[in-house]
Amino acid sequence: MGPRLVVPPKKQHTVSQVVLRRFALHGNIRVYDRAAGRFYSQGPGSVFRSYFDQVDPTTAEARWGAIESRVPAAYRLLDQRRPPDEQAAATLRDLLAMHWARSAAMRRAHEQVGERVVAQRIDERSRQPEFLATLFRQRTGLEAAGPEGLDWINGEVHRRALKEIDQPLFSAKVAEYFELARVRLARWQLEIGYVEAGADLMIGDAPVITLRPGHAGVGPHQDVAFQDATSFHMPISPTIVIGLAAKPSQVSIDAQRARALNEQQLRGFVRWIGWRPGGPSDRAMGAAPPPSRLPGSA
């Protein structure tokens, strides 16, 4: 038997294409890409993508696909401004849970936890120079040339260990986070916000905004834990935002409120933020500094 063929993981969308297509015009969405440091227009299939789950992307995509396949039916009701029926409401709550769990915000929050753990372990080992000298000798066959060599082996070992466990742990955690979110969100009803003429909404790669009183953060990567959040909402088109409420409701979103929602997306996005070409947000972003320099951006 020959060597087993290892298929590299595919990039996955951190915002579903079924949602991104709603922000497109003539097949393109206008984006700011922080990694590239530039604005451009691209089809939804080519943006908001990363190697999100490198362990089991096939299972993950099947999990999300089961939800995404139900979304067009929910959109049809919302486009007619009809209250979502029980099935559509469940779909939209699942869409919220999915985009909270599978987001650049959650990925960054996971990395932050790992970085804090590694920093703590490095600090603890730094007070054990004999152990580090032995470790250096075992790994290199040489004697450490002073504190610099001990610092190097200390950081190298811990960062390598984190890298080996990070992806399997994150892959499992995303599925766990999703199920936990579904349970909590099922207790709430949906509030549907419709944007008035003359304004529109933007969407970032951390699209579910979670807020808590007295704190400027807008998601788990900015210290808003799920259990502490008192507001939970996400734009799902340039003219529709969904959130949670004690009872089903529909509200009107004026231009001022739309700008506030967009500012939250700008504060929270990690790499990508997008909007419909030619609309009010497009004109506003054309007159603004790049988001990497906007106050409060991640």
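The values are calculated or read from the model by the stated rules, or taken from the named source; none is laboratory data. All values reported here derive from a predicted model rather than from experimental measurement. Here Cβ is always computed from backbone atoms with ideal geometry, including for glycine, and neighbour counts include all displayed protein chains. To get the accessible areas, we keep the full protein, side chains included, count just its heavy atoms, and leave off ligands, DNA and RNA. Shrake-Rupley method; radii C 1.70, N 1.55, O 1.52, S 1.80 Å.
Going by accessible area, probe 1.4 Å, with all protein chains left in place, what is the ranking of GLU156, GLU86, GLU143, largest first? Mind showing how you got there, number by number?
Details: GLU156 55, GLU86 160, GLU143 120 Å².
Sorted descending by solvent-accessible area, the residues read GLU86, GLU143, GLU156.
Heavy atoms only, probe 1.4 angstrom, no DNA, RNA or ligands counted: give me LYS173, LYS247, LYS11 ranked by accessible area, highest first. It would help to have the intermediate numbers written out before the result.
Working: LYS173 60, LYS247 145, LYS11 90 Å².
Ranked from most to least accessible, the order is LYS247, LYS11, LYS173.
Share of the stretch 210-273's accessible area from carbon and sulfur, percent, 1.4 Å?
On the way: 1410 of 2760 Å².
Exposed carbon and sulfur together represent 51 percent of the surface.
Taking θ as phi - 60°, what are the ³J(HN,Hα) couplings along the stretch 202-207 by the Karplus curve (6.51, -1.76, 1.60), each to the nearest whole Hz, with x for Gly and Pro?
For the stretch 202-207, the Karplus curve yields 9, 9, x, 7, 10, x Hz.
Taking 41 Å as R0, compute the FRET efficiency from the Cβ-Cβ separation of ASP85 and ARG38 and round it to 0.05.
The pair ASP85/ARG38 has a calculated efficiency of 0.45.
For ALA197 paired with ARG121, estimate the spin-label separation in nm (one decimal), with each label point 7 Å from Cα along the Cα-to-Cβ line.
So the label points at ALA197 and ARG121 sit 6.0 nm apart.
What is the extension gain from ALA245 to GLN17, computed as 0.36 nm multiplied by their sequence separation minus the C-alpha to C-alpha distance, in nm to one decimal? Intermediate values should be presented prior to the final figure.
On the way: separation 228, 0.36 × 228 = 82.08 nm, distance 2.63 nm.
Difference between extended and current length: 79.5 nm.
On a full-extension model of 0.36 nm per residue, what is the gain between ALA225 and ALA133, subtracting their alpha-carbon distance, rounded to one decimal in nm?
Details: separation 92, 0.36 × 92 = 33.12 nm, distance 4.00 nm.
Additional length available on full extension: 29.1 nm.
With all protein chains present, calculate the accessible area of ILE253 using a 1.4 Å probe and round the result to the nearest 10 Å².
Spelled out: ILE253, probe radius 1.4 Å, area about 10 Å².
Considering only DSSP beta bridges whose two residues both sit in the stretch 169-273, what percent are antiparallel, to the nearest 5? All intermediate terms of the calculation are to be shown ahead of the outcome.
Values: 14 of 19 bridges.
Of all bridge pairs located within the stretch 169-273, approximately 75 percent are antiparallel.
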